Structures are given as C-alpha cells and as structure tokens.
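Report on the structure given below.
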Amino acid sequence: MKKVLIALGATLAFAAQAAGSFPDKPVNIIVPFPAGGSTDTVARALALSMGEQ
C-alpha cells in the first residue's frame, strides 16, 4: 500500500506541474482503483486542492 501511495503522489505531482504549464486546459487524473476506496478519497481531495490553485 505504501508503494501505491508513493506512486500516486509522484503521479499527482507530475499532474500539478502539467497544470502549471497549461493553465487553460483541464488536467485529468486517472485513478486505477474503484470508486469509494481510500485511494479514490485521497485522489479526490488532492484534485480539489489542485483545482483551487
């Protein structure tokens, strides 16, 4: 589980950099896990905070 969270964090960090480079375009975050799990919850929270920036 720890490796999954590290990979998710690295992926989202890359997505944040991409969003900084292209502020006029939406950034899609693909979470390869079913909705309702802990990974989904973390991804939604990070997406929300990234959208506020």
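The values are calculated or read from the model by the stated rules, or taken from the named source; none is laboratory data. Treat the numbers as computed from the prediction; the structure is a model and nothing was measured. Cβ placement follows ideal geometry from the backbone for every residue including glycine, while neighbour counts extend to all protein chains displayed. The area values use the complete protein model at the heavy-atom level, side chains included, leaving out ligands, DNA and RNA. Shrake-Rupley method; radii C 1.70, N 1.55, O 1.52, S 1.80 Å.
Couple of notes before you dig in:
- Computed FRET value (nearest 0.05) for LYS3 with LEU48, which takes r as the C-beta separation and R₀ as 30 Å: 0.80
- With the whole protein complex present, ILE6 retains an accessible surface near 110 Å², based on a 1.4 Å probe.
- With 0.36 nm allotted per residue and the present C-alpha distance subtracted, the LYS25-SER38 stretch has 1.9 nm of extension available.
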